[in-house]
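Just so it is clear, none of the values below were taken in a lab; they were calculated from the coordinates. This structure is a prediction, so every number in the text was calculated from the model and none was measured. Cβ coordinates were reconstructed from backbone atoms using ideal geometry, including for glycine residues, and neighbour counts include every protein chain displayed.
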Amino acid sequence: MNKCYPYAQPRVVESDDGMLALLDGEQVVAKPIHPVLAFPFSNPRNDISLVDEYSKELLWLDSLDDLDAQSRCVVEAHLARREYRPVIHKITSVNTYSTPSVWNLDTDRGPCKFELPSEESIRRLGGQRLVLTHANGMQFIIENMAELDARSRQILARFMA
């Protein structure tokens, strides 16, 4: 944890209304607060800023492990809801090999339809990881393109050429 902040015992709690609050001991420092990931794809457990409703940084965490166990659980649960990115396991079909196109996917959250607006909506994150951005802005992850079935890899290759 960055020690230049004036909080001796920073804690994060969730109130009854679902908002997060930053406490120093038992005193409320700010509510609502929002955790912001500096590197959401490559390093989602490290480099986290806690900001107020005006995006002013209140606390920088080098790691989620800098928080006590209860605060860490609260922040992780909040991030899991906000940073919702289904993982693609299989591309079952695509309606056309030009864009925009509608894809049917099997994900870790179940089957879904996905609209790829352009080839630029597929980005490499490094190695075999990809992020695909739906026409509505929602992001889907492929953790390892090499682990997809042959048909899914073939469909991706047509759009990434």
Residues Asp16, Asp47, sorted so that the one with the fewest Cβ neighbours within 10 Å comes first
Asp16, Asp47
Run down the aspartates and glutamates and flag those whose C-alpha is under 19 Å from the C-alpha of Lys90, throwing out any fewer than 8 positions away in its chain.
Asp106, Asp108, Glu115, Glu119, Glu143, Glu147, Asp149
With axes computed from alpha carbons, what is the tilt in degrees of helix 150-160 against the longest principal axis of the chain, rounded to the nearest 10 within 0 to 90?
80 degrees
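Using a 10 angstrom Cβ neighbour count of at most 14 plus a DSSP loop assignment to flag exposed GluC sites (Glu not before Pro), which longest range of the chain is free of such sites?
On the way: sites that count: Glu26, Glu53, Glu83.
Longest stretch, sites excluded: 84-161.
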Among Gly25, Cys112, Trp60, pick out the residue whose Cα is farthest towards the positive end of the charge dipole of the chain, where Lys and Arg carry +1 and Asp and Glu carry -1 on C-beta, about the Cα centre.
Cys112
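May I ask for the Rg/Rh ratio of the chain, computed from Cα atoms with Rh as the Kirkwood radius, given to two decimals? Could the numbers behind the result be given before it?
Working: Rg = 19.3 Å, Rh = 17.7 Å.
Dividing the radius of gyration by the Kirkwood radius yields 1.09.
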What does the convex hull of the Cα atoms come to per residue for segment 40-133, in Å³?
141 Å³
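Exactly which chymotrypsin sites (Phe, Trp or Tyr not before Pro) in segment 52-150 are in a DSSP loop and have at most 15 other Cβ atoms within 10 Å?
Working: sites: Tyr54, Trp60, Tyr84, Tyr97, Trp103, Phe114, Phe140; in loops: Tyr54, Tyr84, Tyr97.
Taking segment 52-150 and a limit of 15 other Cβ atoms within 10 Å, the loop chymotrypsin sites (Phe, Trp or Tyr not before Pro) found are Tyr54, Tyr84, Tyr97.
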Zero-based 5 Å bins, Cα pair distances in segment 88-160, whole percents:
3, 18, 31, 32, 14, 1
In degrees, nearest 10, range 0 to 90: what is the angle between the Cα axis of helix 69-82 and the longest Cα principal axis of the chain?
40 degrees
For Thr96, net neighbour charge (Lys/Arg +1, Asp/Glu -1) across residues whose Cβ lies under 12 Å away
0
Cα-Cα separations in segment 10-82 greater than 16 Å, expressed as whole percent:
42 percent
